[in-house]
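What follows is a single structure, written as structure tokens, with notes after it.
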2 protein chains.
Amino acid sequence: MAAVIDIDDPADPRLDDFRDLKSADRRPDLPGRKGLVIAEGVIVVRRMLDSPFAPTALLGTSSRWQELGDDLAELAVPYFRTTAEVMAEVVGFHLNRGVLAVARRPAPRMVDEVIGRARTVAVLEGVNDHENIGAMFRNAAGLGAEAILFGDKCADPLYRRAVRVSMGHVLRVPFAQLPTWPSGLDILRDNDFRIIALTPDASAPNLATVMGVEKVALLLGAEGPGLTEAALVAADVRARIPMSAGTDSLNVATAAAMAFYERVRLS
Amino acid sequence: MAAVIDIDDPADPRLDDFRDLKSADRRPDLPGRKGLVIAEGVIVVRRMLDSPFAPTALLGTSSRWQELGDDLAELAVPYFRTTAEVMAEVVGFHLNRGVLAVARRPAPRMVDEVIGRARTVAVLEGVNDHENIGAMFRNAAGLGAEAILFGDKCADPLYRRAVRVSMGHVLRVPFAQLPTWPSGLDILRDNDFRIIALTPDASAPNLATVMGVEKVALLLGAEGPGLTEAALVAADVRARIPMSAGTDSLNVATAAAMAFYERVRLS
């Protein structure tokens, strides 16, 4: 059982891993500094407990302690119990989710490890918005895509907001960074993935017509600029989602969800 | 051409329709008070100009005036030109999109008018989050759903944030409020729509298997609670999106996008 430690001093150094969550240069989830991983709220904390990210401590209110209950039974780390007011002073704002867990950032995973048994993966280029990254992982988890790979210029998936928007699924859907871009895509081709670049180009074939193979890797670029020419050239095939004229491209996480859905729609 | 009027006093009463955009009780887009409709940024302002929502004035910087250029050629309303600093004082925060347009809220449209020639419509119950409402309209516009109907307890689609997240598509995709709920669904049945309730229930048939009719109305409830029992009973059929075990339901706008996509995937 997690050991409960009651805290009433917001300056208590045992809470330092939870301090100043919104500080641009001191926040504990900043890669290159502490680089911790923060889970917020009962649902996401539960997902962390059920993931390879082992928390080193929790900070929360008495009612959240009760709500988590049995989920903490196996845990050998402290639960720092305090009031919402003390929590607000520590983290730097009022956090209405009432509980946080913190974990060390694990060593990065290798591409061949995360694609090992995957049939559907997404590969992102230039997706630098944490909410879009989070939504992408949530959609992957919900619709059975097994891994996410990062190409060039993407946002950190372990940033607090990405963890939250993903509903904790960044802690469970495996991801890895391609070591080179776009040449690093070769490892997918070597593993029999068809590399499909999503494009708004109306002359590209329909997404639904190019997905009927055993393994697919979906290349997705940011809203607006889309994929670079280098990435488009590196793909095996281009495909489009049928879109109405006079509209913008879909949000990138929504576009990914269409493609993931196409893989499972009759399952 | 819109008449340019240079303004340097943030207290100028001609700017009152743009004032205090984030004020809970004074914001100009509050239904029941002024109930105006606010478009932010070049893309959304352009959509407003190309919609039935006729702006009565614009407020923006000199550079946005130049960027809009020809789009203002036909417009017979003032463009209040000022600095980003004066704009910030007027609206109450720094608005980096640099231009706003304001329109009167039009009379509500009737259900039979908005479903007249539609083949795919969404009907929402309990969707009370403005971002989800906005994303729903964006996805409808992108994927060819022709109307959105509001059942019970939904957020105002003309709230500023909903307009922004929709990329302005709440100004173009027709919507209407059902006068009663859920009995008001009868008008859809009378117009030959199949009423399909989306549910996470694993025993429900697959969404892809129930959509092959001329007209479909998709019933969607909020994430978490989902549709009420009364709404489920009022539908013709229930259907599920195939989801992985151990995940949450998808975001409601994403779930709607799957269903819209199912209608156009081979188009």
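The values are calculated or read from the model by the stated rules, or taken from the named source; none is laboratory data. The structure displayed is predicted, hence computed values, not measured ones. With ideal geometry, Cβ positions are generated from the backbone for all residues, glycine too; neighbour counts draw on all protein chains shown. Surface areas here come from the heavy atoms of the whole protein model, side chains and all, with no ligands, DNA or RNA. Shrake-Rupley method; radii C 1.70, N 1.55, O 1.52, S 1.80 Å.
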Between the Cα axis of helix B:252-264 and the main Cα principal axis of chain B, the angle (0 to 90°, nearest 10) is 70
Here, A:Arg117 and B:Glu67, labelled 7 Å along Cα→Cβ, have an inter-label distance in nm of 4.9
Within the protein assembly as shown, the percent of DSSP beta bridges that are antiparallel, given to the nearest 5, stands at 25
The set of residues whose placed amide H lies less than 5 Å from the amide H of B:Leu30, leaving out same-chain residues fewer than 5 positions away, is B:Gly35, B:Leu36
Rounded to the nearest 10, the angle in degrees between the Cα long axis of helix A:130-143 and the longest principal axis of the Cα atoms of chain A comes to 70
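Net charge within 12 Å of A:Asn191 by Cβ-Cβ distance, Lys/Arg positive one each and Asp/Glu negative one each, not counting A:Asn191 itself? Walk me through the intermediate numbers first.
Working: positive: A:Arg117, A:Arg119, A:Arg189, A:Arg194, A:Lys215; negative: A:Asp112, A:Glu113, A:Asp186, A:Asp190, A:Asp192, A:Glu214.
So the surrounding residues net to -1.
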Checked against the positive end of the charge dipole of the protein assembly as shown (+1 on Cβ of Lys and Arg, -1 on Cβ of Asp and Glu, about the Cα centre), the farthest of B:Pro205, A:Pro106, B:Ala162 is B:Pro205
Calc'd 3J(HN,Hα), region A:90-97, phi into Karplus 6.51 cos²θ - 1.76 cosθ + 1.60 (θ = phi - 60°), Hz, glycine/Pro = x, comes to 5, 7, x, 6, 7, 9, 7, 7
Under a 1.4 Å probe, counting only protein heavy atoms, B:Trp65 has an accessible area in Å², nearest 10, of 40
Between the alpha carbon centres of region B:137-207 and region A:153-184 the gap in Å comes to 32
Ranking A:Gly32, A:Leu75, A:Gly92 by how far each Cα lies towards the positive end of the charge dipole of region A:3-103 (+1 on Lys and Arg Cβ, -1 on Asp and Glu Cβ), the top one is A:Gly32
Largest fluctuation, A:Asn128, A:Asn139, A:Asn96 only, Gaussian network model of chain A with Cα springs under 10 angstrom, belongs to A:Asn96
In vacuo Debye sum over C-alpha of the protein assembly as shown, base-10 log of normalised intensity I(q)/I(0) at q = 0.12 Å⁻¹, listed in q order, is -1.28
Contour minus Cα-Cα span, A:Asp186 to A:Ala54, at 0.36 nm per residue, comes to 44.2 nm
With a 1.4 angstrom probe the carbon and sulfur portion of accessible area for region A:3-103, in percent, totals 48
homo-copy label distances at B:Glu214 (7 angstrom along Cα-Cβ), nm, one dp, ascending, are 4.5
Scattering profile of region B:208-267 from the Debye formula, Cα beads only, expressed as log10 I(q)/I(0) at q = 0.17, 0.18, 0.22, 0.27 Å⁻¹, is -0.63, -0.71, -1.04, -1.39
Of A:Lys153, A:Lys215, ordered by accessible area with the largest first and a 1.4 Å probe, the sequence is A:Lys153, A:Lys215
Whole-Hz Karplus couplings 3J(HN,Hα) for region B:60-76, θ = phi - 60° and coefficients 6.51, -1.76, 1.60, Gly and Pro as x, run x, 7, 5, 5, 5, 4, 5, 5, 5, x, 4, 4, 9, 4, 8, 8, 10
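For B:139-146, what's the mean count of beta carbons from other chains sitting within 10 Å of each residue's beta carbon?
5
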For A:Arg14, inter-copy label-point distances (7 Å, Cα→Cβ), nm, shortest first, read 6.4
For B:Leu95, the accessible surface traced by a 1.4 Å probe with all protein chains present amounts, in square angstrom to the nearest 10, to 20
In a Gaussian network model of chain A with springs linking alpha carbons closer than 10 Å, the residue among A:Gly69, A:Gly221, A:Gly151 that fluctuates most is A:Gly69
Per-residue ellipticity at 222 nm attributable to helices in chain A (runs of n ≥ 4 DSSP H, -39500 (n - 2.57) apiece, nearest 500 deg cm²/dmol) works out to -7000 deg cm²/dmol
Expressed to two decimals, region A:111-264 has a Cα Rg over Rh, using the Kirkwood radius, of 0.92
The ³J(HN,Hα) series, computed from each phi in region B:212-218 with the Karplus coefficients 6.51, -1.76 and 1.60 at θ = phi - 60°, rounded to the nearest Hz and given as x for glycine or proline, is x, 10, 5, 10, 10, 10, 9
Computed for chain A: size of charge dipole around the Cα centre, +1 on C-beta of each Lys and Arg, -1 on C-beta of each Asp and Glu, debye to nearest 20, value 300
To the nearest 20 debye, region B:17-95 has a Cα-centred charge dipole, built from +1 on Lys and Arg Cβ and -1 on Asp and Glu Cβ, of 280
In region A:69-157, the GluC sites (Glu not before Pro) that sit in a DSSP loop and have at most 11 other Cβ atoms within 10 Å of their own Cβ are A:Glu74
Cβ-Cβ cut-off under 9 Å around B:Val37, Lys and Arg +1, Asp and Glu -1: the net charge is +2
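For chain A, what is the convex hull (Cα atoms) projected area averaged across all directions, in square nanometres? Show your work: numbers first, answer last.
Values: hull surface 61.3 nm².
That works out to 15.3 nm², a quarter of the Cα hull's surface.
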Relative to the compact-globule estimate 2.2 N^0.38 Å (N residues), the Cα gyration radius of region A:1-148 stands at a ratio of 1.13
Low-density loop trypsin sites (Lys or Arg not before Pro), region A:23-126, at most 11 other Cβ within 10 Å, DSSP non-H/G/I/E/B, are A:Arg33, A:Arg117
Given backbone amide H placed at 1.01 Å from N, residues whose amide H is under 5 Å from that of A:Ile195, ignoring those fewer than 5 places away on the same chain, are A:Ala217, A:Asp236, A:Val237
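With +1 assigned to the C-beta of every Lys and Arg and -1 to the C-beta of every Asp and Glu, and no other charges, what is the dipole magnitude of region A:111-264 about the Cα centre in debye, to the nearest 20? Please report the intermediate quantities before stating the final value.
Details: 14 positive and 18 negative charges, 98 e Å.
Dipole size: approximately 480 debye.
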For A:Asp186, inter-copy label-point distances (7 Å, Cα→Cβ), nm, shortest first, read 6.9
